[in-house]
Structure formats: C-alpha cells, structure tokens
Amino acid sequence: MTSTFYGDQNLKVWGDEVHVRQRPGPEANWQDSVVLVWWDKGNAIGGFHRLGHEPNAGEGGMVTLWNVLVGPAGMQKKVHYVPLRQADMLASGGFGGGDESCRCEFIDGEHVWTIDEGDVSGRIAFKDVGPNVDCFPKKRDHEGRFLNSTFRHSRESLRSFQDERQRV
C-alpha cells in the first residue's frame, strides 16, 4: 500500500490484495462484495452483477446475488439471498454466488466473471488500468461504522463476452 495526495486528501492506493475476499471483521453485518456494470455497444448487450458475502450473518453466512443481463430481446434478472456455501469461497480468493450461476475471480491480473443463467452464459475478463483507491470519506461519523472502505477502479474496455447459447 502507498499513499497518494490529491489536493489536501491523502488517499491510500492498494495493491492486488484488494481483489480477493477479505478477512471478515467481527461485526454481525460485515460484508465483502464485488460489482460489475458493463455495456457492449456493438452488440447492444450489458449487465449489472453483484456478489456479496456476509460470513457473519445467520448460521454460517449468507450470499447476495444480483445478476442482471440486458439486450435487444429483453432483460434476464436473478436476485437471491441464500446460505453461504463452502463452494462459494473459491480457492482463488474469488466469490461464488450461492449457486453455479455467477462467480468472480482475480486470475493472473484479470478480473474474470463467469455467468451461466441457463439460456445465457458468458465469460467477461478485464484488467484494471487505474489505481485501487479507497475513496470513501474518512470522517468521524463514518469511520468504523457503515461502508468504511469502498474501492473504485478504472477499467480497460470489455475484452470478451461469449454468448454461448442465445443473445439476450
């Protein structure tokens, strides 16, 4: 980790360690999540995907999945909140989605999202082009409570989305 000053703000710049599941804190509502929002203008297809692990929730933890694909033929949406399985804690440090429909991993410097929603499946892989910056304001009323770390990244153009069965 290094520090970078932007104006009067000292922003922490983190390494690739932020791209894998983090060690849970003690809070009952502690969560770790990844989000991908993308659009392929040439194919008029895009998506919003969120995988959240809440390891301290309930008995054994919970997984939140928001998996939305949008295209010329309409929208396919899956949202669920299900028990966290051992299979969701991927060996790569990645996130499983509570079933086999969506997962996110960080492999060889790339973010790799794998989506399999029955009629629609695909793989999206991309690299960060900017620093991993924790940009959430660190004020006394926020720190240590709600959303005290939020990382923002710039992304390289979408490299691949392989629609193996049917275009959305």
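The values are calculated or read from the model by the stated rules, or taken from the named source; none is laboratory data. Since the structure is predicted, the reported quantities are computational estimates derived from the model, not experimental observations. For neighbour counting, all protein chains shown are included, and Cβ atoms are generated from backbone atoms with ideal geometry for every residue, glycine included.
Data for the structure
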| read-out | value |
| --- | --- |
| Candidate set: segment 13-31, residues that are within 19 Å of Pro131 (Cα to Cα) and either touching a residue at least 40 places away in the same chain (Cβ under 8 Å) or more than 16 Å from the chain's Cα centre (by Cα) (or both); chosen: the one surrounded by the most Cβ atoms within 10 Å (Cβ to Cβ) | His19 |
| Residues within segment 40-51 that are without any contact (Cβ under 8 Å) to a residue 24 or more places away in the chain and surrounded by 13 or more Cβ atoms within 10 Å (Cβ to Cβ), tallied | 2 |
| Only listed residue being within 17 Å of the chain's Cα centre (by Cα), hydrophobic (A, V, I, L, M, F, W, C) and either within 25 Å of Glu17 (Cβ to Cβ) or modelled with pLDDT under 95 (or both), chosen from Val79, Val70, Val63 | Val63 |
| Criterion (surrounded by 15 or more Cβ atoms within 10 Å (Cβ to Cβ) and either of a type in the set (Gly, Ala, Ser) or over 27 Å from Asp134 (Cα atoms) (or both)) met by exactly one of Val82, Val120, Val34, Val68 | Val120 |
